[in-house]
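Structure record follows, encoded as structure tokens.
The values are calculated or read from the model by the stated rules, or taken from the named source; none is laboratory data. Keep in mind the model is a prediction, meaning the values are calculated, not measured. Reconstructed Cβ throughout: ideal geometry from the backbone, glycine too, with neighbour counts over all protein chains shown.
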Amino acid sequence: MADQYAQNPVGDEPPPLPALRWSEPPEGPVLVLLDQTRLPAEEVELVCTDVPALVQAIQTLAVRGAPLLGIAGAYGVALAAARGYDVEEAAPLLEGARPTAVNLAYGVRRAVAAYRAAADKGPEEAAQAALTAARELHREDAEASAQMAGHGLALLDELLPGGGHRILTHCNTGALVSGGEGTAFAVALHAHRAGELRRLWVDETRPLLQGARLTAYEAARNGMPYTLLTDSAAGSLFAAGEVDAVLIGADRIAADGSVANKVGSYPLAVLAKYHHVPFIVVAPTTTVDLSTPDGASIEVEQRAGHEVTEVTAPQVPAAAGAVGGGLPVAPLGTQAYNPAFDVTPPDLVTAIVTELGALSPVTGGGIAELCARSRQVTIS
């Protein structure tokens, strides 16, 4: 069950709320989410008391972003265990909520493994083990975010000496998708704090406007110089020589280095290649999936057509007859093609930045070595 928990008008400039937090009120443990579907109009938290509510929050994008989905999945297992639900039944529900983001399955499996390892000690100990695993993943992701920001800025300074970076980004990759300050957005934020960000170009990111609603929201909160543009205007920016680098996140990186990210990322990679602009992917090593051999093997989530045929916005009343609760912008019955992601091949990726550093060129061998290093760091 999910309920509205608290809200503040954005105009009052309250301190940013965490995208996700575990809470233990007297009535029992809950997972509290900042409802990203309501931003930027208002900051509203949802309280999830069970796994079905969390699954719904994931599918409706109230909580989103690959790293944060991994954290949410782990906490979802802990929530099921703490509430006395069947963890083995809850796990596949969580894993299947969004198929492309590999972090979600990783977080679920990590918490389930901890739960199973402690199962012989009793249900309370097993539930606590799952919660500990979720909290560890949350902490690790925050640390990875800080490390990626440093590595990413160092790479930018190497590729683009002189500072004054003009960065184009797509979708939302900030604190709203992370246990820390994000992935690609964290690099831009790091550059801003170092006085090296001249302009953050923000793709609106159709059809759900994560750039316009969320990245612009985070950029404004951090006092960054930013400009919003329609996705289709990016080409004119490249042609005018106004883009120094493209920074995006990732929802899954295949073993050959292919990158699945929010739909619209692949066209940016093609533009960047043509205009000789670095195209950089920033993601933690938990986003790499060696069991997915190549880009063609990545399952791309197909979302409902009404997200394209209707426009929804926070606090805007739905039009009569709207399927998805928005304002129709296409004739009734129009079919829509609405993949949530597209896949960029490795030869279009200048570098992949992780918490362990930058990988360039992007090759299958380099990805395998990166994962081997990640396991060594985790074990130690």
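Here region 19-54 is the region considered, the condition is being over 18 Å from the mean Cα position of the chain (by Cα) and small (Gly, Ala, Ser), and the residue that is modelled with the lowest pLDDT is 41. More than 30 Å from residue 137 (Cβ to Cβ) and modelled with pLDDT under 95 - does that describe any residue in region 333-340? Yes, region 333-340 contains at least one residue that is more than 30 Å from residue 137 (Cβ to Cβ) and modelled with pLDDT under 95.
Residues in region 219-250 that are more than 12 Å from residue 199 (Cα to Cα), among the β-branched types (Val, Ile, Thr) and surrounded by fewer than 21 Cβ atoms within 10 Å (Cβ to Cβ): 1 in all.
Taking the conditions (1) at pLDDT below 95; (2) outside any loop (DSSP other than H, G, I, E, B) in turn, residue 320 satisfies each one other than (2).
Of everything in region 193-208 that is within 19 Å of the chain's Cα centre (by Cα) and in contact (Cβ under 8 Å) with a residue 40 or more places away in the chain, the residue that is surrounded by the most Cβ atoms within 10 Å (Cβ to Cβ) is 203. Restricted to region 128-157, and to residues there that are under 24 Å from residue 226 (Cβ atoms) and more than 20 Å from the chain's Cα centre (by Cα), the residue that is surrounded by the most Cβ atoms within 10 Å (Cβ to Cβ) is 156.
The lone criterion from (1) touching a Ser or Thr at 6+ places or on another chain (Cβ under 7 Å); (2) free of Cβ contacts under 8 Å to residues at least 24 places away in the same chain left unmet by residue 186 is number (2).
Of the residues examined, residue 142 is one that is part of a helix (DSSP H, G or I) and in contact (Cβ under 8 Å) with a residue 24 or more places away in the chain.
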